[in-house]
1. Could you list, in sequence order, all residues of region 24-55 that are exposed (fewer than 10 other Cβ atoms within 10 Å of the Cβ) and of a type in the set (D, E, K, R)?
2. Out of region 22-37, which residues are within 24 Å of TRP172 (Cβ to Cβ) and outside any loop (DSSP other than H, G, I, E, B)?
3. Considering only region 85-92, I want to know if a residue exists there that is more than 17 Å from the chain's Cα centre (by Cα), of a type in the set (Lys, Arg) and under 22 Å from SER29 (Cα atoms).
4. Consider SER40 carefully, then state whether it is farther than 16 Å from LEU98 by Cβ and either part of a helix (DSSP H, G or I) or aromatic (Phe, Trp, Tyr) (or both).
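What follows draws every value from the coordinates through simple rules; no lab data is involved. Here the structure is a predicted model, which is why all the values come from computation and not from measurement. As a convention, Cβ positions derive from the backbone with ideal geometry for all residues, glycine included, and neighbour counts pool all protein chains shown.
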Amino acid sequence: MKPIEQYGEFLQRDRSIHPPAYAPEYKTSVLRSPQKSLISIEESLSEVTGPQFSRDELGPLDNDLILNYAKDGLPIGERILVHGYVLDECGRPVPNTLVEVWQANAWGRYRNKNDRYSAPIDPNFGGCGRVITDDNGYYYYRTIKPGPYPWRNNINDWRPAHIHYSIHGSGWAQRLITQMYFEGDPLIPHDPILRCIPNEESVRGLIALQDRGSFVALDSRAYRFDIVVRGSRQTWFENNIQGA
């Protein structure tokens, strides 16, 4: 656990840029959203600290979704590289942060027994990976670009291609679960989940931009996706006598 004096309290979350918990157009939010006003509590040690992760805990292929589940061949689909920075809202890098991702395969099918979509399962693609940010908050991973898929929200609703993210940050108050979308996807304006977000700038912040400068020649396209988590009201903690 990182010491409380190193980071201090985190800034209050700006709820005006986040989707409301209760959004009837996004039907599953109706049953799982709180029905009473939220309670504000003062941050304590359990909110401003969090688990520490080591790169030694990760396998060599954890950030390579193209190879980490391959058995008797390579997965089918467009190969892509996704990279970016995890920063706090004050613009500071968040190092040693566990970034976990999961996604559907190139046909839009998850490796999940509850996924009943008729698209095929790719025997060489697991759809899960993880990486730890470096000292500058940078991360990257390789994967197959996921496909869109239909879902039972309204008739003919389709989810845009997306990748799920779980971010831990330096404290539990920075915990973030979100989704990344792809530039130019025609399904984005029609997605009921994205339409719940009240701020157009926030929607754009969920869309990864194609990064031609990071393409891998004759192999992969690349997308840039930066992630912003809550910032801390950091104050320098002087614990050494001057000149000592």
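1. If the condition is that a residue be exposed (fewer than 10 other Cβ atoms within 10 Å of the Cβ) and of a type in the set (D, E, K, R), then ARG32, LYS36, GLU42 are the ones that fit.
2. SER29, ARG32
3. Going through region 85-92, the residues more than 17 Å from the chain's Cα centre (by Cα) turn out to be 90-92.
After this cut, where a residue has to be of a type in the set (Lys, Arg) as well, the list is 92.
When the remaining residues are screened for being under 22 Å from SER29 (Cα atoms), the result is none.
The answer is no, given that none of the residues of region 85-92 is more than 17 Å from the chain's Cα centre (by Cα), of a type in the set (Lys, Arg) and under 22 Å from SER29 (Cα atoms).
4. no
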